[in-house]
Structure formats: C-alpha cells, structure tokens
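Report on the following structure.
The values are calculated or read from the model by the stated rules, or taken from the named source; none is laboratory data. Please read these numbers as outputs of a predicted model, since none were measured by experiment. In this analysis, Cβ positions are derived from the backbone assuming ideal geometry, glycine residues included, and neighbour counts consider all displayed protein chains.
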Amino acid sequence: MLVTWHYVPYTLALAGGGVGILALHTALKRRTTEARIIAVLMAAVALWSFSYMLELASTDLQAKIFWAQFKYFGIVTVPAAWLLFSLQYSGRGRLVSGRSVILLAIVPVSIVLAVWTNEAHHFFWTREALDASGTLSVLALPMGIAFWIAAAYQYIVFLVGTLLIAERFLYSHRLYRRQASAMLIATLVPWAGNAMFLAGLTPYPHLDLTPFAFTISCAVVAWALFRLRLVDLIPIAHAAIVEGMDDCVIVSDPNECIVELNWAAEKLLGVPSSDVIGQPLERQLSGLTDSIELFRAQNGHGRDVVVGMGDSRRTYDIQLSLLRDRKGRPVSKVIVLRDITERKKTEGELQKHRDRLEEMVRERTAELTEANERLMQEIKERKQAQHELEASRNEIRLLSRKLMEFQEEERKVVARDLKDGLGPFLASAKTDVEALLHFADMDDERVRSIADDVHKKLDGTLASIRRIYTTLRPGTLDEPGLISSIEACLRNFEEVSGIHCDWDCRVSETKLDQQATTYLYRILQEALSNVLRHAKASNAKVELYRKEGKLVLAVDDDGCGFDPSYADACHGIGLVSMRERANQIDGTLRVSSAVGIGTRVELEVPV
C-alpha cells in the first residue's frame, strides 16, 4: 500500500505528542494504580490523535481506511480507561481488578474486530468514499448499526465515569475539587467535539473534532499533573484518613466558614455536616471561640477546653493549623479536637494514687527513720554492753588467772610446809619409835605392840604426806620438767585407783614456760580425776605429741562415757576449770564422748 503525504495537521501532532509525553512521564515517575491507569488513558489518546493525523495526511482511500481502522485501538481504550480511573479516583478501587478489566475489555475487543472485518459485513460503516470538497481530503463513512451500538456503549461508559468524578467534585476538599474539575474539562471538551462530529455540526463535513480537542485536554491534564499533583494526592486517601480519625476535624475557608468536617465533629456538634457546611465557624463553635483566638496568639499550640456539663462533660485538646497556598496566603484553617476525657480521668486517678503513694512513702520513711534511729541506739547500747562484757570477761579472766596463780602459790606453800615441816617432824618421830622398839623390853608384848602400831601409822602418814605434796606441787615440774611430772602422776594414779594406764610420749622436750607447764599438768590431773570418779573405766591412755606446730596432750578411757552437751549445760566434771586453764595459755580443749563408748579429752597448746 503506497502512502503519500499531502498535508500535516500540526494541531493533531501537537496534541498527540503532548499527551504521549505526559503518558510516558506518568508511567515512569509514578508507581500507583491511578498513575498506571491514567498513563494508559493518555497513551490511548495519543494513539487516537496520531492515527487520525495520519488518516488526514494520507492521500489515497486505502491508506485513509487503514488509519481509520487503526485509530480504533485508541478509541475503544479511552472510555474503558476513563471508567477504571474514575472508579479508582472516587474510592471504589476494590472494583478495579484483573477480572473486571477482562470483562470491561470484551466490548472494546468486539468493536475492534468489527472494524477490521467491516469489508466482510459492512455493519460498522456501509461504504467508503473520499470527500475532497473542502481544503482537506477526508473519509466519508456512512455509519452502520454496529457503529451506533458501539457509540452508545462508549458514551454510557464515559457517562458513568464522568458521574463518578462529578460526585467527587461535589463532596471533596477544595484541592480535590480542582483536580476533579480539571479531569472533567479534559474529558468533556473532546467528547463535546465527538458529539458535534456525530451530529454533523462540524465546520468541515466528515471532520472529527475529537482529536483536535485533545490539544485542550493535554494542557489541562498537564496542569492537573504538575500543579494539582493529580496522581500524588488522591481524594479517597484524604477522605479515608479524615473519616477514619476518632478526633474531631473541622476545616474552614479564609472567611471563617465551615467547608468540611468528619463524623466525629458531627457527633460533637450534634448536627449533620449538610446543616453546618457553609455556616460561620464562630456560630457553630461558640463555646470554643476564645480558645481558638488564644491559639492564634500561641501559634496553634495545644490547650485543654471543657465542653458540656454533668455526665456529658468532655475535655478536648485543641490543635489549630493554617493551610497556605504556594504564595503563603492562608486558604483554610484546620481545627482538630481530640477527646482526652478518659485520659484526664486517668491522670486524675493517677495523681490521686501518686499523692497517696507519696504520703505512704513519707509515712514509711518516717517509720524507717524512727526504726533506724532505734536500731542505731540499740546497736550503740549493744556495742557498749559488749564492750562492758568484754571488759568484764577480761577482768574475770585476769581475776581467774590471779586466782589460779594464787592457788599455785598456796599449793607450793602447803606442799613445802608438808615436805619441809611436817614431813621431817614425822620422820623424826618415826626414828624415835624405831629406837623405842630397839631398846624396849622384849618381854613386854604390850609395849612392843603399841610401838609397832605407831610405827606403821607413821609410815602411812609419811606416805600420805608425800602423795599430798606431790599432788599439790610435784617437784619435777620445776626440774626436770613436764614429762617426768606426768610419768610420776601416772604412777601415783595407778597406785591409788588400780586403773591401768598406758603412757605414749612422742616428744623429747616440751619447750613450755613455767605457767603453761603447770596448767598442762593441772588439766591432766583433772582429766584423770574425772576418769577415777566418773568413768568407771578399767584402762586409760595418756598421749603427748606434736601436731602442726602445737603440743597435744590427750587422755582416753574405756569407761561409760557421757553426753557432752549435758555436761556443758551443768558445768560438771571439772570442764569449766579445764577450759579456763586452757584459755589462760591460749590453748584449745576438746572433749568428745558418747554413752557406753568412753571419753577423750584433748588439749592443744601452741609452742
């Protein structure tokens, strides 16, 4: 098919190119559903305009018929895309789905098929001819029944979309009304040209004015995209946010008249929005006028106000914002009232609890302070008592030591008197009795018997005196020392008690001072005395050895044993005196016993 160019209608090229650029810009820069739909819509318009331009520019009939058929790809797309955009823009985006797009595409596809198969049935236009009566050579296509059915369908679809946009125009904010107005102008102008073409009212016969009207649509859409941010700000998002807010939102114009409010504000005012739209703001919010005026001075910072009385009394936090245009001029005022009644009640309750808690803290602090003072006083008194007790213990310990030293001195004196005084005297008396026995009459049995009896008593008395002064103060304590004194004590113990006593000495010398030696010996005497008086033992064992730098003296018996706790409670069997002597020489006394097993007394003395 040969196509020759006779005339280029620059108006159509300008419209198609402009709309194509806008479609490309919208598709690349915006990622929303609305942006994609409007990009498809403008691409279809561009296709329609370029195809009609090429139809007019073609000089032969077949070329014009080809471009007339080709332009229907754009013609059938425009109404469908317009309806999809209107649904999305008006908040009915849930209806825009893959299934709805497929259903909506059935009729446009059918129209395209009817156009491209027209030569077979001639339902779309009945014949093809050129009309060169004017300055332009145009197609003269008498329309068939299929064309009018398609036109009716497209106008119905266009009308539905237009009504949706008009509804949004009536119930939207000023900014969105401008958007809706732009879209209505951009669509009504081309469709008005199309209607004039179908009605035969065009200046040139058979010349379709619709693509030429797209020049105006291109300028209007550009203004809507770049100035009104058509695909950036969608009114349904604005409505969803405002209507979904629990806060009261009231918008007024520069003349202080209400232009919009949400359901929460309607509930606060007690009237539907239709009754207050256009009414002065001061009349509807008379109780809040002072607060609003104060906000103007405070740059819109929040303030609490109370509305109502009794049970209906509510507390609101008011925020005031001014919306300005690009030149900084105020175009509207937004008043937001947040119901903080429950928060105020909670804050009140919280404050009461806080005050009560602070009071309790003060009371408890006072009680703790008083208790602390009593405790400090008690600690002070206890420390004083402990100090006094320790002083008393030291005094008792010193007194006990003095008493023990005094006892030892008394024992020394008594032992010395017995040994050096009474002992020699009795020995002298024994010698006299022996002399008497030697010189007495041998035949006088009575005299010999008395003298012999006196002699025996003197022997017994001398033995007792030796045992007594050895017990009181054995001379071996001073020289040669402790070991010899223990051995002598054990021999004397065996003679007196008849209890067998084993002696296990594992040290050669003790290296103890005189006081420690004396106290160690006395503890041994007390332990053996307990064995004799209480243990009912048959055998005893005495050990003397070194362990970990200490000298250990141990006395074991195989007697009946006893309960140490009972003995400690009763302070019996000489344990008190043994412990006291051990304390005087920094020693440790341990008594272990059990009933029926025996007893062990162990003394450790540092050396």
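Observations on the model:
- Just one residue in the set Arg338, Arg329, Arg362 is surrounded by 11 or more Cβ atoms within 10 Å (Cβ to Cβ) and either of a type outside the set (Asp, Glu) or in contact (Cβ under 8 Å) with a residue 40 or more places away in the chain (or both); that residue is Arg338.
- Matching residues in the stretch 93-108 - criterion: being in a helix (DSSP H, G or I) and without any contact (Cβ under 8 Å) to a residue 24 or more places away in the chain: Arg94, Leu95, Gly98, Arg99, Ser100, Val101, Ile102, Leu103, Ile106
- Residue satisfying all of: in the stretch 331-386; among the hydroxyl-bearing types (Ser, Thr, Tyr) and more than 27 Å from the chain's Cα centre (by Cα); nearest to Thr315 (Cα to Cα) among these: Thr341
- Residue match in the stretch 325-339 (condition: outside any strand (DSSP E or B) and of a type in the set (A, V, I, L, M, F, W, C)): no
- Some residue of the stretch 62-70 being at pLDDT 75 or above and touching a Gly at 6+ places or on another chain (Cβ under 9 Å): no
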